[in-house]
Amino acid sequence: MTEPVLTAFVREPGGFTLEASIRHGAYEGLRKALAMEPGRVIEAVKASGLRGRGGAGFPTGMKWGFVPKDSPGPKYVCCNADESEPGTFKDHVLMERNPHLVLEGVAIACYAIGARTGYIYIRGEFLHVAEVLESAIAEARAAGCLGRGILGSAFDCEIHVHRGAGAYEAGEESALLESLEGRRAQPRLRPPFPAVVGLYGCPTVINNVETLANVPLVLAKGPEWFAAIGPEQNTGPKLFCVSGHVARPGVYEASMHTTLRELIYGYAGGIRGGRALKAVIPGGSSTPVLPPGAIDAPASFDGMIKAGSMLGSAAVIVMDDTTCMVWAAENLVHFYRHESCGKCTPCREGSDWMLKILQKIERGEGEMRDLGLLESVARNIAGKTLCPFGDAEVAPVLGTLEHFRHEYEAHVREGRCPFHAGWRRGR
């Protein structure tokens, strides 16, 4: 097991305060960054191999390098704290229990790209966490870690917390910018990308909370230290959210050498009640489900792709043998239909169509031809929307059809849900 770094002090009483954070090395990474040229900071992040922890896994240093150095206007850093992916709750822990690490990461990112203002766009429902962040910002500003001439340097940096409107779509980076500017959270047509034309039409870097929390570690401990943790191209400490039918659900820190089996049966204590594992969603609800035979794959960006899914937000949702996979798909598609922003026709209309088919099958009223229709609708949504939302909403459907098609067929043959005795044809 990897010794925790991101979460080493989250259970310490008062560990979220500046006093406790300084005692554990907070803002040393920022101090080292301020002694370097901004370009060297970006190179250090590149050398560490840090990849985005929000879902896509894009190299962080490379994203920072896309920001034009000669842009005449202001630049911005946006911390994406709109943690709305079902099964995901790691960023909440970091912001609530280790807020100064997040603020330090935002400040380093600002210095590296030449920005003087950072925004933390936080999920609207996280009122308590927003208050923790506001308090931490006030502490940091009073101590000279934020504001004018931070840590005795010539660098000025302000960070603001912006509460979102409670929309899942606001977690998509261009929709986040639209919301931050006061409009409805809907995706923008790209290119141009935010690094060139972002917030208020200015160059903008957008990174996830966990991604930015790793940046101070890279600067304080060195990119070589960071790169030595985990497999090649899957470096650094990683937070995994394990939920569902496990004995000890929670947030666990490990390297990406760790397999799904180790996360489920080691960290999370195995399947609740000693039941059998039926399926696992490895990266939040927007990633394809995997069967039990795939759990020896490493829980890394590359490992999950080879297994037939994605690491995504590293939200490991575990399902035991009592779970109806048709119901699971219906439940998730219901969420996505509700959260669709409605801008793209395939997503807006397709999500409703998929849900109606799934409800029909789960009620025991389905026909075999519905399975082909359901798959056809899903494939005509994937890759045909302005943002990845379309791919996210079809993942539960295509994944369950691939690995658990026999359950769909059983619903049709028996005219009922084999797992929910009350659901009968005609009821």
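The values are calculated or read from the model by the stated rules, or taken from the named source; none is laboratory data. Since the structure is predicted, the reported quantities are computational estimates derived from the model, not experimental observations. Glycine gets a Cβ as well: all are built from the backbone with ideal geometry, and neighbour counts include every protein chain shown.
A few notes on this one:
- Checking each residue of region 226-237 against the condition of being buried (at least 22 other Cβ atoms within 10 Å of the Cβ), touching a Leu at 6+ places or on another chain (Cβ under 7 Å) and of a type in the set (A, V, I, L, M, F, W, C) gives at least one match.
- Number of positions in region 58-101 that are touching a residue at least 40 places away in the same chain (Cβ under 8 Å) and farther than 22 Å from Gly283 by Cβ: 18
- Here Val242, Val205 are screened, and the one residue that is touching a strand residue (DSSP E or B) at 6+ places or on another chain (Cβ under 9 Å) and not assigned by TED's automatic domain parsing to the domain that holds Lys32 is Val242.
- Any hit, region 358-371, residues being surrounded by 19 or more Cβ atoms within 10 Å (Cβ to Cβ), under 25 Å from the mean Cα position of the chain (by Cα) and charged (D, E, K, R): no
- The number of residues in region 344-356 being closer than 15 Å to Glu169 by Cα and buried (at least 19 other Cβ atoms within 10 Å of the Cβ) comes to 3.
- Within region 33-57, if we keep just the residues that are among the small types (Gly, Ala, Ser) and in contact with a helix residue (DSSP H, G or I) (Cβ under 7 Å, 6 or more places away or on another chain), the residue that is farthest from Met304 (Cα to Cα) turns out to be Ala33.
- Odd one out for Glu253 among (1) under 25 Å from Ser340 (Cα atoms); (2) outside the structural domain of Pro86 (by TED's automatic domain parsing); (3) among the acidic types (Asp, Glu): (1)
- Meets criteria (within 22 Å of Gly312 (Cβ to Cβ), touching a helix residue (DSSP H, G or I) at 6+ places or on another chain (Cβ under 8 Å), outside any loop (DSSP other than H, G, I, E, B) and outside the structural domain of Leu260 (by TED's automatic domain parsing)) for Leu30: no
- Remark: Leu311 matches the filter, which requires a residue to be of a type in the set (A, V, I, L, M, F, W, C) and in a loop (DSSP other than H, G, I, E, B).
- Any hit, region 72-91, residues being in contact with a Pro (Cβ under 9 Å, 6 or more places away or on another chain) and either assigned to a helix (DSSP H, G or I) or among the β-branched types (Val, Ile, Thr) (or both): no
- The set of residues in region 59-75 being surrounded by 16 or more Cβ atoms within 10 Å (Cβ to Cβ) and either within 16 Å of Ile122 (Cα to Cα) or more than 21 Å from the chain's Cα centre (by Cα) (or both) consists of Gly65, Val67, Lys75.
- Residues in region 247-273 that are among the β-branched types (Val, Ile, Thr) and either buried (at least 23 other Cβ atoms within 10 Å of the Cβ) or modelled with pLDDT under 95 (or both): Val251, Ile264.
- Screening region 317-357 for residues that are of a type in the set (Lys, Arg) and either within 22 Å of Gly283 (Cβ to Cβ) or outside any helix (DSSP H, G or I) (or both) and picking the one that is farthest from the chain's Cα centre (by Cα) gives Lys343.
Residues checked against (1) in contact with a Pro (Cβ under 8 Å, 6 or more places away or on another chain); (2) free of Cβ contacts under 8 Å to residues at least 40 places away in the same chain; (3) surrounded by 15 or more Cβ atoms within 10 Å (Cβ to Cβ); (4) closer than 29 Å to Ala299 by Cα:
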| position | (1), (2), (3), (4) |
| --- | --- |
| Pro13 | no, yes, no, no |
| Thr17 | no, no, yes, no |
| Val41 | no, no, yes, yes |
| Gly49 | yes, no, yes, yes |
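- Any hit, region 175-184, residues being assigned by TED's automatic domain parsing to the domain that holds His92, buried (at least 21 other Cβ atoms within 10 Å of the Cβ) and farther than 25 Å from Cys344 by Cα: no
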